[in-house]
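Here the structure is laid out as structure tokens; the discussion comes afterwards.
The values are calculated or read from the model by the stated rules, or taken from the named source; none is laboratory data. Since we're looking at a predicted model, the values are computed, not measured. Here Cβ is always computed from backbone atoms with ideal geometry, including for glycine, and neighbour counts include all displayed protein chains. Protein only, heavy atoms only, side chains kept; ligands, DNA and RNA dropped before computing areas. Shrake-Rupley method; radii C 1.70, N 1.55, O 1.52, S 1.80 Å.
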Amino acid sequence: MHPLKKNRPLRRIMLASATTVSAVVMLLALKPHTAPEVAVASPAPSAGSSASTGKGATTVTGDSVQTRWGPVQVRVTVRNGKITDVTAVTYPQDNPRDQQINAYAIPQLRSEALQAQSADIDTVSGATYTSDGYRQSLQSALDSAGL
């Protein structure tokens with residue numbers, strides 16, 4: 001006689017429970033993130049492009065850095081050898097999770113860059129890939145600006 005056909009309900013309950021738990025764990029382990037596809041309304045600025053504003057400031061766009069979740073690119077405005085503005089031109093925002101992470105991380109990274117006046121900034125917890133890409137793009141922009 002087959003082992004599951006015996007009159008042992010506890011064994012069947014345990015097997016059904018283990019199967020259910022395994023199925024739930026496998027479903028939760030699936031990554032909902034799709035391959036990054038960047039939809040940009042206008043073409044992204046080329047790496048190292050710069051423009052001089054009428055106020056003695058120079059704006060430089062850093063290299064686009066490909067991260068695990070998508071590209072990151074930063075634009076820097078420099079006036080009198082000081083960083084006056086940092087803007088994330090491109091960053092992962094393809095799904096709600098990316099949007100949530102970067103809505104918190106990008107302002108933190110901008111604040112740190114303005115305070116440090118360099119690309120020597122801390123990684124934002126939970127946004128490691130974005131932080132690394134931001135730092136690399138920021139450094140390339142600063143190099144292009146001569147800082």
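What the table below lists for this structure:
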{"quantity": "Considering residues of region 116-147 that are assigned to a helix (DSSP H, G or I) and open to solvent by 80 Å² or more (accessible area, probe 1.4 Å) only, the residue nearest to Asp63 (Cα to Cα)", "calculated": "Gln136"}
{"quantity": "Qualifying residues in region 1-40 (those that are surrounded by fewer than 10 Cβ atoms within 10 Å (Cβ to Cβ) and modelled with pLDDT of 80 or more) - the one farthest from Gln93 (Cα to Cα)", "calculated": "Leu10"}
{"quantity": "Selection count, region 86-96, where residues are at pLDDT 90 or above and under 15 Å from Val124 (Cβ atoms)", "calculated": "3"}
{"quantity": "Counted residues, region 69-88 - those being in contact with a strand residue (DSSP E or B) (Cβ under 8 Å, 6 or more places away or on another chain), polar (S, T, N, Q) and either surrounded by fewer than 20 Cβ atoms within 10 Å (Cβ to Cβ) or assigned to a loop (DSSP other than H, G, I, E, B) (or both)", "calculated": "3"}
{"quantity": "Residues that are open to solvent by 20 Å² or more (accessible area, probe 1.4 Å) and small (Gly, Ala, Ser), drawn from region 89-115", "calculated": "Ala103, Ser111"}
{"quantity": "Residue in region 41-56 that is surrounded by 13 or more Cβ atoms within 10 Å (Cβ to Cβ), modelled with pLDDT under 90, out of contact with any helix residue (DSSP H, G or I) (no Cβ under 7 Å at 6 or more places or on another chain) and farther than 16 Å from Ala145 by Cβ present", "calculated": "yes"}
